[in-house]
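Just so it is clear, none of the values below were taken in a lab; they were calculated from the coordinates. These numbers were taken from a predicted model, which means no experiment stands behind them. Glycine gets a Cβ as well: all are built from the backbone with ideal geometry, and neighbour counts include every protein chain shown.
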Amino acid sequence: MKVLHFYKTHKPDTIGGVEQFVDQVAKITAPLGVQTRVLAMSPHAADRPIRLEGYELFQSQSLVDYASTPMSFRAISDFAYHAAWADIIHLHYPYPFADLAYLLSHSTKPTLVTYHSDIVRQKAMALLYSPLKRMFLNRVDQIVATSQNYIDTSSTLKRFAHKTSVIPLGLSDRLGAPIASNLRDGWREKLGSRFFLFLGVLRYYKGLRDLVLAAKDAPFPVAIAGDGPERAELEQLAASIGADNVHFLGQVSGDEKCALLENCSGFVFPSNLRSEAFGVSLIEAAMHEKPMITCEIGTGTSFVNLGNVTGLICPHSEPLALRSAMDRLWNDEETAVQFGQNARRRYLDHFTAERMVRSYFGAYEQLLHASTTAPLSVPEASVA
């Protein structure tokens, strides 16, 4: 079975949530007999395929990047070429240029799209894109959302409910992986034996301004690990209000991330817009048996973190409510430990990479072998 993924970027250029998802699906399906090509845009495209773990990456030169949408004429022909090779096409929404390339290719190959998020911020672009979006989603064979929560609150997905199912995101288990003692000790020396952690790219929808405000005068340290376009503004805010208990750690390695997750007392993820469709970092926190704090935005964050089971859920964009939740976990260690244990069990039951990949492999097989007239139904991996 030959599968083609097309997305706007991939590692080694960037390592975001979608890139991690594509990487895991590609490399874990390889032993099952799936040959995968990933086509991605790059400002410095390699002139030959890049061999990654279990699959090949092909890069198309990006000439224009408008509203986080890299594109080029060459990429349209590149997509058509690789689509002709593939048995299955796996696309990722939202990426309007991929939709255009797919429609222009006139491909008849079975096509699945993982619906990662609505378009939230670029409202003007969303209006212009609307006719293309309808044509694209009408044309594909199967849509996969990452949570039932997102289907229930997305006006777009509601219109395509007849061919939409749920496969939650998943990650490979790293709990218990060897961690150098100097990493543990280094973070403990810097942050203390107890602290709250945020981990991710510092983007506009992460709600980190609320976290900095909530941390002011708090008796606990808050570590913000990651980099991104909001970092300078957040550091300035923390300095201006005297929130010197907020530590900006910058980009961290995989081992440093594991050490932080092992050491922290709780994981705070205050995203406040629907651009945060799921929150892969929450799976990492659950994997490491940590209680979580999230905000209710009607997306998969409340699918991973169940209120008063694996952690606490508070209203979004309310620093006082966020502070109250953090105070509760800080002062009630017994409850925090219980939430963390529940989170670990939930991860093992629903959010492992193996479970996710098995579901996608089943979807590929069903797409490949279904008749042209029979309605398609992806094995659903939804959870309560």
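Can you give the alpha-carbon Rg of segment 273-314 over 2.2 N^0.38 Å, where N counts its residues?
In units of the 2.2 N^0.38 Å rule of thumb, it is 1.02.
Ordered by residue, what ³J(HN,Hα) values in Hz, to whole numbers, does segment 195-205 give under the Karplus form 6.51 cos²θ - 1.76 cosθ + 1.60, where θ = phi - 60° and Gly and Pro are x?
Values, residue by residue: 6, 8, 10, 10, 9, x, 6, 7, 10, 4, 8 Hz.
What per residue convex hull volume, in Å³, do the alpha-carbon atoms of segment 1-144 yield? Present the calculation step by step, with values, prior to reporting the outcome.
On the way: hull volume 15.0 nm³, N = 144.
Expressed per residue, the convex hull around the Cα atoms of segment 1-144 is 104 Å³.
Along each principal axis of its Cα atoms, how long is the chain end to end? Whole angstroms, biggest number first, please.
Principal extents (largest minus smallest coordinate, Cα): 60, 41, 40 Å.
Given 4 °C and 1.567 mPa s, how large is the Stokes-Einstein diffusion coefficient of segment 149-226 in µm²/s, with Rh as the Kirkwood radius over Cα pairs?
78
Which whole-number percentage describes the relative contact order of the chain, with Cα contacts under 8 Å and a sequence gap of 6 or more?
Result for the chain is 15 percent.
Let me check I've understood the local charge: for S265, count other residues with C-beta under 9 angstrom from its C-beta, Lys and Arg +1, Asp and Glu -1. What total comes out? The partial results should precede the final answer.
Working: positive: R194, K290; negative: E333.
Neighbourhood net charge equals +1.
Over the alpha-carbon set of segment 283-345, work out the extent along each principal axis and list the three values in angstrom, largest first.
Principal axes ranked by extent give 28, 27, 16 Å for the Cα atoms.
Quick one: net charge around L183, please, counting Lys, Arg +1 and Asp, Glu -1 for every other residue with C-beta under 12 Å from its C-beta.
Surrounding charge for L183 is -1.
List the residues whose amide H sits under 5 Å from the amide H of F6, counting only those 5 or more places along or on another chain, with H placed 1.01 Å from N in the peptide plane.
The answer is L39, H90, H92.
Express the relative contact order of segment 3-153 as a whole percentage, based on alpha carbon pairs under 8 Å and six or more residues apart in sequence.
20 percent.
If one computes P(r) from the Cα atoms of segment 212-302, what percent of pairs lie at distances over 20 Å?
41
Mind checking the full-extension length gain between D255 and R184? Use 0.36 nm per residue of separation minus the Cα-Cα distance, one decimal, nm.
Working: separation 71, 0.36 × 71 = 25.56 nm, distance 0.98 nm.
So the chain would gain 24.6 nm between D255 and R184.
How big is the shadow of the Cα convex hull of segment 17-93, averaged over all directions, in nm²?
Directional mean of the projected Cα hull area for segment 17-93 stands at 5.5 nm².
Tell me, what ³J(HN,Hα) does each residue in segment 141-156 have, in order and in whole Hz, if you take phi through Karplus 6.51 cos²θ - 1.76 cosθ + 1.60 with θ = phi - 60° and put x for Gly and Pro?
7, 8, 10, 10, 9, 8, 7, 5, 4, 6, 4, 5, 10, 9, 5, 5
Please identify the GluC sites (Glu not before Pro) of segment 1-57 that satisfy two criteria: DSSP loop assignment and at most 10 other Cβ atoms within 10 Å. Which are they?
Sparse-neighbourhood loop GluC sites (Glu not before Pro): E53.
Could you work out [θ]222 nm for the chain from helices alone, using -39500 (n - 2.57) per DSSP H run of at least four and dividing by all its residues? Round to the nearest 500 deg cm²/dmol.
After summing the helix terms and dividing by residue count, I get -13000 deg cm²/dmol.
At q = 0.14 Å⁻¹, work out log10 I(q)/I(0) for segment 2-53 with the Debye formula, treating every Cα as an identical point scatterer and leaving solvent out; two decimals please.
Listed by q, the Debye log ratios stand at -0.34.
Please label the shape of segment 147-289 as rounded, prolate or oblate, based on the square roots a ≥ b ≥ c of the eigenvalues of the alpha-carbon gyration tensor (a/c under 1.5 means rounded; beyond that, a/b larger than b/c means prolate, else oblate). Please list the in-between numbers first.
Values: a/c = 2.63, a/b = 1.41, b/c = 1.86.
Note, shape of segment 147-289 comes out oblate.
I want to check the label-to-label distance for R51 and A84. Put each point 7 Å from Cα in the C-beta direction and report it in nm to one decimal.
It works out to 2.6 nm between the two label points.
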